[in-house]
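The values are calculated or read from the model by the stated rules, or taken from the named source; none is laboratory data. This one's a predicted model, so the numbers in the text were calculated from it and none came from an experiment. So basically every Cβ, Gly included, is an ideal-geometry build from the backbone, and we count neighbours across all protein chains shown. Accessible surface areas use protein heavy atoms only, side chains included; no ligands, DNA or RNA. Shrake-Rupley method; radii C 1.70, N 1.55, O 1.52, S 1.80 Å.
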Amino acid sequence: MNEPSPTKPRPAVAPSVDPRPAVAPSGTLQVVIIGGGMITHDQLLPSIYHLQRLGYVDAIRICALNSAPLRALAEEPKFAEAFPGQTFQPSPALDEPPDKMFPALFKEVIAAMPPRNLVVVAVPDHFHDPVIRAALERDQHVLAVKPLVLKYAQSVEIEQIARGKGLFVGVEYHKRFDRRALDARGLYRRGRFGQFRCGEAKLVEPYYYRHSNFQNWFTRENSDPFTYIGCHYVDLVYFITGLRPVEVSVRGVEGEFPNGNVGFLWSIGQVVWENGAVLSLLNGLGYPDEGAGTNDQGLCLFCEGADCGAIIRHDDQFRGVSHGYVDKLSGAAFRYVSPDYFRLVPWEGEGLRPVGYGYDSVEANVQAAIRLNGVGARHPPDKALSLRRQLLEEFDKRGILATPANSFINELVTEAARLSILQSGRHAVIDYAGSPSVRMRT
Ligand SMILES: NC(=O)c1ccc[n+]([C@@H]2O[C@H](COP(=O)([O-])OP(=O)(O)OC[C@H]3O[C@@H](n4cnc5c(N)ncnc54)[C@H](O)[C@@H]3O)[C@@H](O)[C@H]2O)c1
């Protein structure tokens, strides 16, 4: 959507790291996280522990396929240090054999929640849709890690179900909360960069990801590097410029995971935007494990004014901080450090607190669900629903929180990318006439 420049300047930066709550709590949420893998460990659980400590979150439960990842989370020494005394309830129980699988337990866990609490969806990409639907069916708000779902039609249905019930669905596109992205959005929409014309983005995750649980699900038929991480920069270009993508082609490079499964381990994508601008995107699972990185990422958008060039360049890898350690506890003795994404740092309270846009994003989404409950709290059901729908529309229009209604271009791009990569990079076209749809270019 090419939104008009706002008449009132938008704030150029995200909320500060001031530990006081940005919005007075009007209630708390029980939180159930479905999925106990890497993203739950690195970002979601520590953020939610902090929100619990601030009074936004009540009980926390985590449901995984088996007990093994839950045990790892429960015994993580970093959490004991940062969040002393805080725990979560595991499903299945920690004493279940680690190799016993509970593929349908998430449904029981969600069904046992009182309505209008929060389900955080952190399962593999292709499994988001059934978990989100199970949550909405049981009247729960949802925060889903990206990509929301793999098909546009699924996102439309999810949006309709949620709106029908006055429930919040947020997509955890945390790069939106990076101050550099918020600043660029504000300035772009005030015309400071003219028009985006040609650019490149890159996000290459470490090689060791191939040895993780990824090898069990990150296979050709389920996902690929463009879908998994390229989507962050597609969303960011849309977030900054408001331009809609109209054509996508993605070429994948296949390889074998250590367990023999075959997946796309690298990809190069090209996205054409509605003003004719082109973005190339390089993604992969292959940054050297001991590289300073600890991954490689960034964005460069060349733009044009009436008679001049303009540029937005974000080095998202090296953020000006490097550490050389006396040990290798972080995997290598020398690392670039990103205090911007997620760090646990000393604060005025007990333990450590999370800082960075990874935390800001979770906080903003949790607060949105609480606000939504709050606006209807003292009204009869019909009035409550209409007030809640108004607030949902405000979230959609403001466009800072990613919702199904304001981030649907990502599902269109993902759908197009999946078609393209499975056909060796053939071009897929996104058509916005009538109901948006994706087709191969003839
Ligand atoms: N930068 C980011 O935004 C970012 C980074 C990493 C992952 N992610 C997203 O997060 C999601 C999960 O990724 P990850 O890296 O944590 O993967 P992971 O493989 O480490 O973990 C997946 C988790 O899902 C659980 N799971 C699978 N099936 C389940 C079921 N039926 N019931 C309950 N739990 C089930 C597994 O037990 C596991 O704990 C993916 O969609 C991924 O794209 C986003």
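Points to keep in mind about this one:
- Which of Asp431, Asp307, Asp58, Asp235 is most accessible, then next, and so on - probe 1.4 Å: Asp307, Asp58, Asp431, Asp235
- Per-residue HN-Hα couplings for the range 364-373 [Karplus 6.51, -1.76, 1.60; θ = phi - 60°; Hz; x = Gly/Pro]: 5, 6, 5, 5, 5, 5, 5, 4, 4, 4
- The trypsin sites (Lys or Arg not before Pro) found in the range 323-396 that occupy coil by DSSP, while having at most 12 further C-beta atoms within 10 Å, are Lys328, Arg378.
- Phi-derived couplings, Karplus 6.51 cos²θ - 1.76 cosθ + 1.60 at θ = phi - 60°, listed residue by residue for the range 110-119: 5, 4, 7, 7, x, x, 6, 9, 10, 9 Hz, with x used for Gly and Pro.
- In the chain, Cα pairs under 8 Å separated by at least six residues give a relative contact order of 19 percent.
- Approximate spin-label separation Arg197-Arg439, in nm, with each point projected 7 Å along Cα-to-Cβ: 3.2 nm
- Given charges at Cβ of Lys, Arg, Asp, Glu: the chain dipole, positive-most of Gly37, Ala68, Leu51: Leu51
- Under the Karplus curve 6.51 cos²θ - 1.76 cosθ + 1.60, θ = phi - 60°, whole-Hz ³J(HN,Hα) for the range 194-204, x wherever Gly or Pro sits: x, 10, 5, 10, 7, x, 9, 9, 8, 8, 10
- Sparse-neighbourhood loop sites, chymotrypsin sites (Phe, Trp or Tyr not before Pro) in the range 255-352 - DSSP loop, at most 15 other Cβ within 10 angstrom: Phe318, Tyr325, Trp347
- Largest accessible area first, the residues Val262, Val366 order themselves as Val262, Val366 under a 1.4 Å probe with ligands, DNA and RNA left out.
- Among the protein heavy atoms, those of Ile311 account for about 80 Å² of accessible surface (1.4 Å probe, every chain in place).
- Cα-Cα P(r), the range 208-258, percent of pairs per 5 Å interval: 4, 16, 24, 21, 13, 11, 9, 3, 0
- Between Arg61 and Val31, Val32, Ile33, Gln89, the built amide H atoms are under 5 Å apart, and every one of these is 5 or more places off in sequence or on another chain.
- Charged neighbours of Gly269, selected by a Cβ distance under 10 Å, balance to 0 (K, R count +1; D, E count -1).
- Computed from point charges on the beta carbon alone (+1 for Lys and Arg, -1 for Asp and Glu), the dipole magnitude for the chain about its Cα centre is near 1160 Debye.
- Using the alpha carbons alone, the radius of gyration of the chain stands to its Kirkwood radius in an Rg to Rh ratio of 0.94.
- Isotropic mean projected area of the C-alpha convex hull, the range 129-200 (nm²): 6.6 nm²
- In this label model, Asn213 and Glu274 are separated by 3.8 nm, measuring between points 7 Å along each Cα→Cβ vector.
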